[in-house]
Amino acid sequence: MSGGEELRRSQIQVPDVAEDIDQALVALSDEQRRSDAASARRREHWLLHQARSEGSMPGVLTDLAERSTPLALHTLAGIVVRGTLSAVGSDFVAVVGPADETVLVPLGAITTVQPEPGSTATIGDRRAPTSSTSFGGALEELGAERPQVSVRTVSGDRVTGRLEWAGRDVAAVRTPNTAETYVATAAINDVTLP
């Protein structure tokens, strides 16, 4: 090779092809990561939407019971029952209150459920375990024990005394001043066992 050829080659700038390819691959890789992240966010959003559309009150209550989440149940009678769910029956819940009292609340009497602030959110998208115990069945079992109770109706009436018995759609409470007071179970807002 002559001196003139060497001089011409040294003056010609040859682009660094390897560096250009590396930059192109980095850019392509970055773009793919952004695209994958966006796809993952869309999928997560869709799955959350699907789960929320299948949420139910019994499912929410079951989730909260399993976590022992302190909560406030608001009822048709305007009563707020505070405590932790100890059981979810087929059509009622049992709440253990701050003074260790147990309150039975039919699902139909619950208007809103407020878990304590800072609790993990739930959507109740799974089926609640089917319990064979109904509200009427629980009252019948309690009637055999004849415990002291305070029964509140959805209209706000309160009957306090000893639960004598419960039937298909009625409960009998013996108060200190009367023989028995009969309460339609469909009208019960809550039953408190001190």
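The values are calculated or read from the model by the stated rules, or taken from the named source; none is laboratory data. In this text the structure is predicted, and so the values were computed from the model without any measurement. So basically every Cβ, Gly included, is an ideal-geometry build from the backbone, and we count neighbours across all protein chains shown. The area values use the complete protein model at the heavy-atom level, side chains included, leaving out ligands, DNA and RNA. Shrake-Rupley method; radii C 1.70, N 1.55, O 1.52, S 1.80 Å.
Taken over the stretch 159-183, the criterion of being in a strand (DSSP E or B), of a type in the set (A, V, I, L, M, F, W, C) and open to solvent by less than 100 Å² (accessible area, probe 1.4 Å) is satisfied by 159, 163, 166, 170, 171, 172, 173, 183. Criterion applied to 156, 108 was being in a helix (DSSP H, G or I) and either closer than 20 Å to residue 72 by Cα or under 19 Å from the mean Cα position of the chain (by Cα) (or both), and the one residue passing it is 108. The set of residues in the stretch 112-134 being over 14 Å from the mean Cα position of the chain (by Cα) and modelled with pLDDT of 85 or more consists of 133, 134.
Residue 151 falls short on exactly one of the conditions (1) under 27 Å from residue 66 (Cα atoms); (2) part of a loop (DSSP other than H, G, I, E, B); (3) among the aliphatic types (A, V, I, L, M), and that condition is (2). For first residues located in the stretch 59-85 and free of Cβ contacts under 8 Å to residues at least 12 places away in the same chain, partners that are open to solvent by less than 10 Å² (accessible area, probe 1.4 Å) and not β-branched (Val, Ile, Thr) and lie 6+ apart or on another chain with Cβ distances below 6 Å form the pairs 80/72. Inside the stretch 72-93, can you point out the residues that are surrounded by fewer than 21 Cβ atoms within 10 Å (Cβ to Cβ) and of a type in the set (A, V, I, L, M, F, W, C)? Hits for the stretch 72-93 are 72, 76, 77, 79, 80, 87.
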